[in-house]
Amino acid sequence: MARPKTEETNVTLRWRVTKPFAHEWEALSEKKREAFRQSKGKKNPPVRGAELPGYYYLDIYRNGQRETKRIGLLTTYDGAANDETERNARQVALYYRDETWRERHGFEGNVKGKIPFLEFYGSLVPGRHKSWKSAALMLETFPARNTPLAEVDYEWLKTVQEHFLSRVSQNSASTYYAKIKAALQIAVQRELISSNPATKIKAIQQVPSQRTYLTKDELKILAKAPCEKPEVKRAFLFACFACGLRYSDIRALTWGKVRNGRLELRVIKTKEPEWIDLPPFALKILGNRRDDNEPLFALPPGEWTTWDCLQKWSKSAGLSKHVTFHVARHTFATMMLEQTGDIYLVSKLIGHASIQHTQIYAKIVDDRKRTAMLSLPEFELS
């Protein structure tokens, strides 16, 4: 008598390049792509051969049905960080396989919800923005950091907020707490907990902060100053005159997006498609047209390499301001608001979801007007 088939659940770890960066995968040499395919398999996670922004997910086949589940682990241009990210991704897959096996055979789960919060959060840090690591360092001094995921509740989160606020500024505490909330949401996605308790508590509010921007005179100085990586200089100056594009947006641009003096843009943060007219100086920065599939700017791999280059460039030009790529965004908004005086127009051009985000630039312009008025010379009265 034939043995009846048992219900099987197959879990396979997969990786996929993030869509806006797919052109970079295609731009890899055929030899490199073939080496990647042979060493890791066409769909398996890359560590060597394709250091690109991408994400891990689980391919789950259960009772003949396929399901995909993203697990919140991302790769970057940093190979060493990607190694650690892959190890964490494989561990997640093992957890999931173990848990589904135990459930199928009637055993009580030994993984779900019992992982200490700090251990789980630490597994998410590699390959993510530095604020995730900063929040992890803050958590290491939190007394209840080893509370199991399933026991994280309203009171625990309130205590975390108080812990952050007692040690850093309100805006930093707001940023760090947002990472805690995001980590809990990832735990929900991985079915380690049933719901996110952070949705029941009010987040720490951000307060208006000073924006660093460059004046027109400072831009002229930078434009004349040499930079050790000319492509970083071109990209930064282009962003100052092209709607203050974010670093991620600039990195994703190809020559195929430029047509008749206009730029087709899909802002990565808002996902909304835009067509923008490029001013003459921005077109001058671009220079001669190249192949449609080539990146608009050949930026160095690794975000921090670009940041370090900007710092060296600005210091060699004699500027005392802390220049990051986001300063280009603030510079564009301030210049455009001075030029037009139309806050609604600037909000639309810079891609803000709400005019409230743009009002900080109006305050900057008002302060500059006040300073200019108070600096007018005095004369003796007869």
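Observations, loosely collected:
- Considering (1) within 24 Å of ILE360 (Cα to Cα); (2) in the same structural domain as LYS133 (by TED's automatic domain parsing), the lone condition that LEU237 does not fulfil carries the number (2).
- Failed item, numbered, when ILE250 is tested on (1) modelled with pLDDT under 90; (2) over 20 Å from MET336 (Cβ atoms); (3) of a type in the set (A, V, I, L, M, F, W, C): (2)
So that you can scan it fast, the table gives a plain yes or no per residue for (1) at pLDDT below 90; (2) surrounded by fewer than 19 Cβ atoms within 10 Å (Cβ to Cβ):
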position	(1), (2)
MET138	yes, no
ALA182	no, yes
GLN185	no, yes
ALA198	no, no
GLN210	yes, yes
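- Filtered by the rule that a residue be surrounded by 14 or more Cβ atoms within 10 Å (Cβ to Cβ), touching a residue at least 40 places away in the same chain (Cβ under 8 Å) and more than 22 Å from PRO300 (Cβ to Cβ), the range 215-235 gives GLU218, LEU219, ILE221.
- From TYR154, TYR176, residue being surrounded by 13 or more Cβ atoms within 10 Å (Cβ to Cβ) and of a type outside the set (A, V, I, L, M): TYR176
- Among the residues here, TRP304 qualifies as under 30 Å from ALA80 (Cα atoms), of a type in the set (Phe, Trp, Tyr) and loosely packed, with under 13 Cβ neighbours inside 10 Å.
The values are calculated or read from the model by the stated rules, or taken from the named source; none is laboratory data. Values in this document were obtained by computation on a predicted structure and should not be read as measured data. Note that we place each Cβ from the backbone using ideal geometry, even for glycine, and neighbour counts take in every protein chain shown.
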